[in-house]
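Below is one structure, written out as structure tokens; the observations come after it.
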Amino acid sequence: MAAYLNQAKALVTPVVDKLTKTSVPKIITSYQTLMESNAKYVVKDPKAASILHKQLLFTNLSKIPNHIAKAQVEYAAWKKTVKNYQELTLTQVATGSLFVAEVYAWYCVGEIAGRGFTLSGYSVPGME
């Protein structure tokens, strides 16, 4: 086992050395450039920095009533469309059908991924 570890170490060491010599300076330079170009966004006051997360949270929470109002308008329009389904054009029906088919297809893809990319079913421990 020790021989394998020494062999792996001998293979990995030159690669790591080369990466640290070539990549790390580029990463540091890139970071410094990024920070210099965005220095105006850095908050230097610790007290102000400590409340930034709360400001972000409550700013986003204050937008919820507006989103709810927009959703209610969309729901009312959808309800009106469903109520008068005889007036839908063929294009609208085809678009809706394709949307439903796509949602179902992505559901199926998610189920297959959840099963570990098998079509036969879930793998239940102890039932194999």
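The values are calculated or read from the model by the stated rules, or taken from the named source; none is laboratory data. The structure displayed is predicted, hence computed values, not measured ones. Positions of Cβ are backbone-derived with ideal geometry, glycine not excepted, and every protein chain shown enters the neighbour counts. Heads up: the accessible areas ignore ligands, DNA and RNA and are worked out on the full protein's heavy atoms, side chains in. Shrake-Rupley method; radii C 1.70, N 1.55, O 1.52, S 1.80 Å.
Pick from Leu11, Leu34, Leu56 the residue whose mean-square fluctuation is largest in a GNM of the chain, springs joining Cα atoms under 10 Å.
Of Leu11, Leu34, Leu56, the most mobile in the Gaussian network model is Leu11.
For the chain, set up a Gaussian network in which alpha carbons nearer than 10 Å are linked by springs, and say which option among Ala113, Ala94, Ala71 fluctuates the most.
Ala113
So I have (i) 75, 58, 34; (ii) 50, 36, 28; (iii) 47, 30, 26, and one of them is Cα extents along the principal axes in Å calculated from this model. Which one is it?
(i)
Rounded to the nearest 500, what is the chain's calculated 222 nm mean residue ellipticity when only DSSP H runs of at least 4 contribute -39500 (n - 2.57) each, over all residues?
-25500 deg cm²/dmol
What is the Cα centroid distance between segment 101-128 and segment 19-98, reported in whole angstrom?
Taking the Cα centre of each part, segment 101-128 and segment 19-98 sit 30 Å apart.
Put a dot 7 Å past each Cα toward the Cβ at Tyr31 and Gln86; how far apart are the dots in nm?
Label-label distance for Gln86 and Tyr31, simple model: 6.9 nm.
What does the accessible area per residue of segment 1-94 come to in Å², with a 1.4 Å probe and no ligands, DNA or RNA counted?
Each residue of segment 1-94 exposes 94 Å² on average to a 1.4 Å probe.
What's the lysine pair count for segment 1-72 at a Cα cut-off below 29 Å, pairs eight or more apart or interchain?
Here the count comes out as 13.
Of all accessible surface on the chain at a 1.4 Å probe, what whole percent is carbon and sulfur? List each step's numbers first, then the result.
Details: 8120 of 11930 Å².
In the chain, the share of accessible area belonging to carbon and sulfur is 68 percent.
Taking the Cα-to-Cβ direction at Val42 and at Lys63 and moving 7 Å from each Cα, how far apart do the two end points lie in nm?
Result: 2.7 nm between the two label points.
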